[in-house]
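First comes the structure, then the notes that go with it.
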Amino acid sequence: MTLPAWLTPVLEACSTITVHELTRFMPPEGSDPRRGAVLMVFADRDADPTAPDDLAHRGELLLTERNHHMRSHPGQVSFPGGSLDPGETAREAALREAFEEIGLEPSEVEVFGELPELWLPPSNFAVTPVLGYWRDRGDVHIASPDEVHEIHSVPIADLLDPAHRIQVRHPSGWLGPGFLIGPDRDVILWGFTAGIVARLFSYLGWAEDWAQQSGGARVRDLPDHMLQGVPRGTDLAPSTPPNTRLEE
């Protein structure tokens, strides 16, 4: 498999990054967590053909925004994903869920690796991020309007831009990394997905240290519509708050 040059560090990270560099949680010995998978889809973005072949000019991530009327985690931004069906691998589940949610054809995605399985204590989910490259971009659409409110193709350069990076504050006092996305920068990416993005990009050496930013990262409270369905009094650990997309 030949990947674009800007994805080479991500491919290499698949074989070197450890679970401890993505989260401080691992399933307890003897536990039987439910298993799920998310599809972290990388794609080339339209750019000046004379621009350098690096992530700032070429790369983007495909994200989805959960329906605002959902009973749990409304408005949450995440990677497509869900629970594994009996007999499924993480790769098969991630591709299936992406097709069911946004019509992304599995044959269009070149899976090139997986990140370590991550455990979410509040929901007892063990989640495997599956990494894929969308080489020949086709069309996606909201295939499951009951689940998906919007599809976001987010340039990696935007996620690395300090102007779009924030810290998100939950009413419980939890504070964690976040990003402002969308055309008007009014959609908040936070929680489990933001934690994966922030920690992976830091591991790759792509992200600036937030503490080094002038004035530090801005703090934003979660809007009311995103708090409905988020359990109160739950352990909101910095790397794994409970707003995972995976459902019962």
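The values are calculated or read from the model by the stated rules, or taken from the named source; none is laboratory data. Worth saying up front: this structure is predicted, and the values here are computed from it rather than measured. Here the Cβ is made from the backbone with ideal geometry for all residues, glycine too, and neighbour counts use every protein chain on show. Areas reflect the complete protein model, heavy atoms only, side chains present, ligands, DNA and RNA absent. Shrake-Rupley method; radii C 1.70, N 1.55, O 1.52, S 1.80 Å.
When peptides 142-154, 186-198 are sorted by average Cβ neighbour count within 10 Å, with the highest value leading, the order is 186-198, 142-154.
Hey, what's the Cα Rg ratio for segment 164-203 versus the globular rule of thumb, 2.2 N^0.38 Å?
Here the Cα radius of gyration is 1.15 times the empirical estimate.
Taken per residue, the accessible surface of segment 83-191 reaches 41 Å², heavy atoms only and a 1.4 Å probe. The Cα center of segment 81-125 and the Cα center of segment 166-196 differ in position by 22 Å.
Using only the Cα atoms of segment 87-189, build the gyration tensor, take square roots of its eigenvalues as a ≥ b ≥ c, and label the shape rounded, prolate or oblate: rounded if a/c is under 1.5, else prolate if a/b is larger than b/c, else oblate.
Oblate, since a/c reaches 1.5 and b/c is not below a/b.
Projecting label points 7 angstrom from Cα along Cα→Cβ for E110 and S83 puts them 3.4 nm apart. Gain on full extension, evaluated as 0.36 nm per residue between E12 and L204 minus their Cα-Cα distance, stands at 68.2 nm.
Summarising the label geometry, the points placed 7 Å from Cα in the beta-carbon direction at R45 and A163 lie 1.3 nm from one another.
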